[in-house]
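Okay, so here's the structure we're looking at.
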Amino acid sequence: MNSFVSQYALFLAEVATVVLAIFLLVAGLVALSRRKDKHAGQIQVTDVNRQFEAAGDRIQAAQLPRKAHKLLHKQRKLERKAQQKRAEAEPCIYLLDFRGDLRASALTALREEISAILQAARAGDAVFLRLESGGGLVNRYGLGAAQLLRLRDAQLPLTVMVDTVAASGGYLMAAAADRIVASPFALIGSIGVIAQVPNFHRWLQARNIDWEQFTAGEFKRTVTVFGENTEAGRTKLREELEDIHAQFRGFVQGRRAQLDMEKVATGEAWLGSKAQELGLVDELATSDEVIRRACQRSRVLHVSFQRKPSLQERLRLTAQSAWDGIWQPPSPLG
């Protein structure tokens, strides 16, 4: 009996030791993560001209004899020194990227990048934005458009380049630009608003389950997931969607006055070539071609805000992405 008790006590002590060790390890990781988060994000700048040159040099290195390649290498060094001297006087183009999801998660980085550019930009500089988004929450993409307007307010010409899609909220952001360039088969437009929500009221009713909801204000909640939706609630939601659509139309029209809004604000999306005919875009070209041409006349710097997400953020984003894939929230989507 004494042997059993002593062995059991030893087992409990070992378990307690392991649990304590795990707790201390987790606490240490959380503390370290919080300490790092204070300085986790930073602006990174890449010289795009150098990237193109380096890629070309590697190909030429394989094509040219060794002596010829050495001469080319020396020539490149001299050219770079001359470019560095001219860089102070020449205008610069800042290149940004925005890959949009339902909640415009890239907005956090975009805000930091624009703030950094506004701090460093000089007269004559410009901004290129590679934008890819099928739209999402209106308030998030509206904020994205407002961020881009900061560049225009600072007299920095903005060109938005779309290779695959700028629809709905994505086009709302693109419309903030001075110029929109799209590839021939990019999907452009979808100037419309949608809200959809499942309703389980009849399913609950069939199982004798009551759903009670308490609000103050006639239209605090228009439609619900579990309650019985009324025609008045549906009508109010439609009115809200029409109001958002009107503001969407007004924003686009205010920046692209040549558009016939009756034709383009139907919620439809068009391929790049048709979008150009309608005036939704100004030029057909890939972003690669636009950037290559820019490098021939200016210095192009790719600016990005890099922040390593915490474990909690990674888990949240993974769960959120999975949820977004199976259900869209009732919030209006642009």
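What number of residues within region 152-173 are on the phi > 0 side of the Ramachandran plot and either surrounded by fewer than 21 Cβ atoms within 10 Å (Cβ to Cβ) or of a type in the set (A, V, I, L, M) (or both)?
Applying the first criterion (on the phi > 0 side of the Ramachandran plot) to region 152-173 yields 155, 168.
Remaining after also requiring either surrounded by fewer than 21 Cβ atoms within 10 Å (Cβ to Cβ) or of a type in the set (A, V, I, L, M) (or both): 155.
Selection size over region 152-173: 1.
If we keep just the residues of region 128-151 that are of a type in the set (D, E, K, R) and closer than 25 Å to residue 288 by Cβ, which is surrounded by the most Cβ atoms within 10 Å (Cβ to Cβ)?
Here is the first cut: in region 128-151, the ones of a type in the set (D, E, K, R) are 130, 132, 140, 150.
Imposing the further condition that a residue be closer than 25 Å to residue 288 by Cβ reduces the set to 130, 132.
Numbers: 130: 20, 132: 18.
This residue is 130.
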- Task: Tell me, please, whether a residue that is of a type outside the set (Val, Ile, Thr) and either under 23 Å from the mean Cα position of the chain (by Cα) or at positive phi (or both) can be found in region 207-217.
- Result: yes
- Task: Can you tell me which residue within region 292-334, out of those that are touching a strand residue (DSSP E or B) at 6+ places or on another chain (Cβ under 6 Å) and closer than 30 Å to residue 259 by Cα, is modelled with the highest pLDDT?
- Result: 294
- Task: Within region 245-268, count every residue that is in contact (Cβ under 8 Å) with a residue 24 or more places away in the chain and more than 11 Å from residue 191 (Cβ to Cβ).
- Result: 1
- Taking region 171-195 and keeping residues in contact with a Phe, Trp or Tyr (Cβ under 6 Å, 6 or more places away or on another chain), assigned to a strand (DSSP E or B) and of a type in the set (A, V, I, L, M, F, W, C) leaves 188
- Query: On the given criteria, is residue 214 aromatic (Phe, Trp, Tyr) and surrounded by fewer than 16 Cβ atoms within 10 Å (Cβ to Cβ)?
  - Reply: yes
- Query: Among the residues of region 107-127 satisfying the criterion of being surrounded by fewer than 21 Cβ atoms within 10 Å (Cβ to Cβ) and under 27 Å from residue 247 (Cα atoms), which is farthest from the chain's Cα centre (by Cα)?
  - Reply: 115
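Taking residue 234 as the residue in question, decide whether it is more than 30 Å from the chain's Cα centre (by Cα) and in contact (Cβ under 8 Å) with a residue 12 or more places away in the chain. Outline the logic, then answer.
Details: more than 30 Å from the chain's Cα centre (by Cα): yes; in contact (Cβ under 8 Å) with a residue 12 or more places away in the chain: yes.
So residue 234 fits the description; yes.
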- Has region 265-284 got at least one residue that is of a type in the set (Ser, Thr, Tyr), at negative phi and surrounded by 14 or more Cβ atoms within 10 Å (Cβ to Cβ)? yes
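Residue-by-condition table, conditions (1) at pLDDT below 70; (2) touching a strand residue (DSSP E or B) at 6+ places or on another chain (Cβ under 7 Å); (3) of a type in the set (Phe, Trp, Tyr):
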position	(1), (2), (3)
59	no, no, no
64	no, no, no
68	no, no, no
71	no, no, no
83	yes, no, no
86	yes, no, no
90	no, yes, no
- Item | Among the residues listed as 220, 236, the single one being among the charged types (D, E, K, R), modelled with pLDDT of 90 or more and either touching a Ser or Thr at 6+ places or on another chain (Cβ under 6 Å) or farther than 18 Å from residue 137 by Cα (or both) | 236
- Pairs under 6 Å by beta carbon, first residue closer than 19 Å to residue 45 by Cβ in region 94-121, partner surrounded by fewer than 17 Cβ atoms within 10 Å (Cβ to Cβ), six or more apart or different chains? 106/99; 114/150; 116/43; 118/154
- Query: Which residues, taken from region 237-259, are within 23 Å of the chain's Cα centre (by Cα), under 15 Å from residue 180 (Cβ atoms) and aliphatic (A, V, I, L, M)?
  - Reply: 252
- Those residues that are closer than 29 Å to residue 167 by Cβ and surrounded by fewer than 15 Cβ atoms within 10 Å (Cβ to Cβ), I need them from region 226-238; list them, please. 234, 235, 238
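The values are calculated or read from the model by the stated rules, or taken from the named source; none is laboratory data. Keep in mind that what you see is a predicted model, and the values were worked out from it rather than measured. Please note: Cβ atoms are built from the backbone with ideal geometry, for glycine as well, and neighbour counts cover all protein chains shown.
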